[in-house]
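Here's the structure we're looking at; comments come further down.
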Amino acid sequence: MKICSRCVLPETFPGITFDSEGRCSYCVRYERSEKRESAGRRFDERFIEILDQVRGKRPYDALVAYSGGKDSTYTLKLLKERYKLELLAVTVDQGFVSSAALENIKTVTERLDIDHYMVRPGSAALRALFRNSMTIDVYPVKALERASAICNSCMNVVKSLLIKMAVEMRIPTVVYGWSPGQAPLRSSVFKTNAPMLKKMNETTAAWFNTLVGDRLSGFLLEDRHFAAPEKDPYPFIIHPLAFLEYDERHILDEIRTLGWNVPEDTGSHSSNCLLNDFAIAEHLERFGFHPYAFEIAGLVREGCMAREEGLERLSARPGAAYLARVRSLLEGETE
Ligand SMILES: [Zn+2]
């Protein structure tokens, strides 16, 4: 299989082409230039401005999606310690959060003294959502280039819930810990508004409907959320790791000081989710490329990861016993 000579994208990646030096079209277009760095600085400045504008106005300054993985743990630490924000962290336990990750979540939120919601949606609806994500095509190619269908479904539940909570609780910012490879810089800070959220909500509702009927409608915005409020309740959405420094070793060192430990039960690409390796295997089989190839290619291009390490991570495959166990859990068998 042909792989880009600069990053790690394979020839099976949708729409990819290579030049005479074996560089992929993404690498050719990418400019690691001063222009990019100054764009990063602009987002950082905008971020500081927004924080100055919202800090202390409401009981919470930011609602943070907290998976318990390394990146969201680091994000939580930065927001609390460097930016001095009042935080509400939310974890959605979709039934596959590893027990080591649950331990990390408890330790970290206690250590940082952060208010924390643990949300556990009904497990039958979620199992059906994940199962049907494997067989019913609802997501656009662009979304599947960056994550498996199962991960897309899970993230859509999380994103819907956080927006709804932020609007209802009047929390001015929603923050995610996406790495620079996962989140494009240009969308790392943006203000939502009613038409935008309405559109997003309708799209997600249609996906959920096709996959599981109306069983997840409690996670979606309703008409009342768009009924002319006296004050704009729609939050900023921010992915700070897209424009702040990102160094995995530094991140791990920092979060270990909070008592966070690397889980040993979550496979090669996740530090919280037991379903992740299964979702990767399913995506590889269905589409012929690794769902983390795009993210890892981004990290390699940005200089945040060595190419050899990226290639090694993308070559890891889970065992048959693990895959069979997850499949039976998704079918509804309990352990
Ligand atoms: Zn490339």
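Remarks
- Qualifying positions in the range 280-335 - free of Cβ contacts under 8 Å to residues at least 12 places away in the same chain, part of a helix (DSSP H, G or I) and within 30 Å of residue 125 (Cβ to Cβ): 284, 285, 320, 321, 324, 325, 328
- Residues of the range 150-191 satisfying the condition of being of a type in the set (Ser, Thr, Tyr) and either in contact with a Lys or Arg (Cβ under 9 Å, 6 or more places away or on another chain) or more than 20 Å from residue 140 (Cβ to Cβ) (or both): 173, 176, 179, 188
- Breaking point among (1) modelled with pLDDT of 95 or more; (2) under 20 Å from the mean Cα position of the chain (by Cα); (3) not in a helix (DSSP H, G or I), for residue 85: (2)
- Filter pass, residue 125 being farther than 30 Å from residue 57 by Cβ, assigned by TED's automatic domain parsing to the domain that holds residue 285 and more than 18 Å from the chain's Cα centre (by Cα): yes
- Some residue of the range 234-244 being outside any helix (DSSP H, G or I), modelled with pLDDT under 95 and aromatic (Phe, Trp, Tyr): yes
- Taken together, the criteria exclude residue 83 from residues that are surrounded by 15 or more Cβ atoms within 10 Å (Cβ to Cβ), within 16 Å of the ligand (Cβ to nearest atom) and in contact (Cβ under 8 Å) with a residue 12 or more places away in the chain.
- Residues within the range 17-52 that are touching a helix residue (DSSP H, G or I) at 6+ places or on another chain (Cβ under 7 Å) and of a type in the set (Asp, Glu), tallied: 1
- Enumeration of residues in the range 287-310 that are surrounded by fewer than 15 Cβ atoms within 10 Å (Cβ to Cβ) and either within 15 Å of the ligand (Cβ to nearest atom) or of a type outside the set (Asp, Glu) (or both): 288, 303, 306, 308
- Residue in the range 259-277 that is within 21 Å of the chain's Cα centre (by Cα) and in a helix (DSSP H, G or I) present: yes
- Scanning the range 167-196 for residues that are within 30 Å of residue 36 (Cβ to Cβ) and either surrounded by 19 or more Cβ atoms within 10 Å (Cβ to Cβ) or under 17 Å from the mean Cα position of the chain (by Cα) (or both) yields a total of 19.
- Any chance residue 32 is modelled with pLDDT under 95 and not hydrophobic (A, V, I, L, M, F, W, C): yes
- Qualifying residue in the range 257-267 (condition: exposed (fewer than 13 other Cβ atoms within 10 Å of the Cβ), among the small types (Gly, Ala, Ser) and within 30 Å of residue 324 (Cα to Cα)): no
- Inspection of the range 52-70 identifies no residue that is aromatic (Phe, Trp, Tyr) and either modelled with pLDDT under 95 or within 16 Å of the ligand (Cβ to nearest atom) (or both).
- For residue 14: the one exception among (1) under 19 Å from residue 144 (Cβ atoms); (2) near the ligand (Cβ under 9 Å from one of its atoms); (3) touching a helix residue (DSSP H, G or I) at 6+ places or on another chain (Cβ under 7 Å): (2)
- Any hit, the range 29-50, residues being within 16 Å of the ligand (Cβ to nearest atom) and aliphatic (A, V, I, L, M): no
- Residue list for the range 127-166, filter: small (Gly, Ala, Ser), in contact with a Ser or Thr (Cβ under 6 Å, 6 or more places away or on another chain) and crowded, with 24+ Cβ neighbours inside 10 Å: 133, 149, 153
The values are calculated or read from the model by the stated rules, or taken from the named source; none is laboratory data. From a predicted model like this one, the values you see are computed outputs, not experimental measurements. Cβ atoms come from the backbone with ideal geometry, glycine included; neighbour counts cover every protein chain shown.
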